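The values are calculated or read from the model by the stated rules, or taken from the named source; none is laboratory data. It should be emphasised that the depicted structure is a prediction, and the values quoted were computed from it without experimental measurement. Cβ sites come from the backbone with ideal geometry, for glycine too, and all protein chains shown count toward neighbours.
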Amino acid sequence: MRLTGTRLMIIAFAAIVLLAAAVVFTSRESPENSAAEFMSALSKGDVPELMKLSYEPSIPRDKLQEEWTFATKDAGRYYVFQWRTLSSTSLGPGSASVHIQVIRNALDRGAYPEDYELHLVEEQGHWLVDVSGMSPDIYPALPGH
């Protein structure tokens, strides 16, 4: 069977649509990915990334940035921790919880893993960590605590 130009174009178009759909669905944000990006930014003291991934409606954005800067550059300057994602749970539309394990003061000989929950809120298609719901034990001087 010979492929005509029209059939070939239809097959090529279908392949492009399938490829585009695969890219959209695999790169879609998830609570786990956002929590991982948040914790990575926290470990690096990356204030712009923390601002992008934080949900804290009770604090004006400029004040939140000041508090993140203080937490990461002053209070947590020498704080070292390790973390890993354990699981996540949907709490309903636009709400999720990500279970993480954190080793606080990771360079100390007696450091041990502790479990925590990060609550996330979906806002305008992006998953954000609810900073006010974080345990203050995770990191020194968290904003809003």
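Couple of notes before you dig in:
- Yes/no for Val102 being at pLDDT 95 or above, surrounded by 16 or more Cβ atoms within 10 Å (Cβ to Cβ), β-branched (Val, Ile, Thr) and closer than 16 Å to Tyr55 by Cβ: no
- Residue list for the range 74-112, restricted to those being touching a residue at least 24 places away in the same chain (Cβ under 8 Å), under 15 Å from Leu42 (Cβ atoms) and hydroxyl-bearing (Ser, Thr, Tyr): Tyr79, Thr85
Yes/no per residue for (1) among the β-branched types (Val, Ile, Thr); (2) under 20 Å from Pro31 (Cα atoms); (3) crowded, with 19+ Cβ neighbours inside 10 Å:
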| residue | (1), (2), (3) |
| --- | --- |
| Ser54 | no, yes, yes |
| Pro60 | no, no, no |
| Lys63 | no, no, no |
| Arg77 | no, no, no |
| Ala106 | no, no, no |
| Leu120 | no, yes, yes |
| His126 | no, yes, no |
| Val131 | yes, yes, yes |
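- Answer residue from the range 14-31, given it is under 30 Å from Val80 (Cβ atoms) and surrounded by fewer than 17 Cβ atoms within 10 Å (Cβ to Cβ) and is modelled with the lowest pLDDT among those: Glu29
- Selection over the range 135-145 of residues that are in contact with a His (Cβ under 8 Å, 6 or more places away or on another chain) and surrounded by 15 or more Cβ atoms within 10 Å (Cβ to Cβ) gives a count of 0.
- Considering only residues in the range 79-99 that are of a type in the set (Val, Ile, Thr) and within 12 Å of Pro31 (Cβ to Cβ), the one that is surrounded by the most Cβ atoms within 10 Å (Cβ to Cβ) turns out to be Val98.
- Pairs meeting the criteria (first residue in the range 50-73 and over 18 Å from Glu122 (Cα atoms), second residue in a strand (DSSP E or B) and hydroxyl-bearing (Ser, Thr, Tyr), beta carbons under 8 Å, at least 6 apart or on different chains) are Leu64/Ser54; Trp68/Ser54.
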